[in-house]
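What follows is a set of notes on a single structure, which appears directly below.
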């Protein structure tokens with residue numbers, strides 16, 4: 001004797017399995033597409049990080065050489081232009097507004 005309920009449950013399980021399989025393959029396709037799309041960006045980030053690390057190592061080595069005296073920077077400093085302070089732009093400055101009220105100093109009591 002076949003039960004209509006068992007057949008319905010079996011068809012439901014087969015249907016859910018088929019839909020789940022299709023969704024799995026769609027997710028796999030999306031992940032592969034995203035991986036291909038982000039590979040170039042990941043490579044660029046990795047290269048930039050390596051270059052930053054090399055510049056930091058060079059900076060550290062340069063500082064150590066200057067501090068220990070292995071690198072003489074006096075000759076290079078002679079060729080640098082002298083620093084000239086730029087005059088302040090007086091037109092763009094705004095003067096603070098003066099207070100109309102008297103300012104009390106600590107220790108003085110306000111007269112009422």
* Along Cα→Cβ, 7 Å out, is where each label goes; now give me the distance between the ones at residue 25 and residue 50 in nm to one decimal. => 3.9 nm
* What share of all Cα pairs of region 4-76, in percent, falls into each consecutive 10 Å distance bin? -> 15, 17, 15, 13, 11, 10, 8, 6, 4, 1
* Structure fact -> On the formula 1/(1 + (r/R0)^6), with r taken between the Cβ atoms of residue 80 and residue 35 and R0 of 41 Å, the FRET efficiency rounded to 0.05 is 0.25
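Every read-out reported here was derived from the displayed coordinates using simple, explicitly stated rules and does not represent laboratory data. If you're wondering where the values come from, they're calculated on a predicted model, not measured in any experiment. We place every Cβ from the backbone using ideal geometry, glycine too, and count neighbours over all the protein chains shown.
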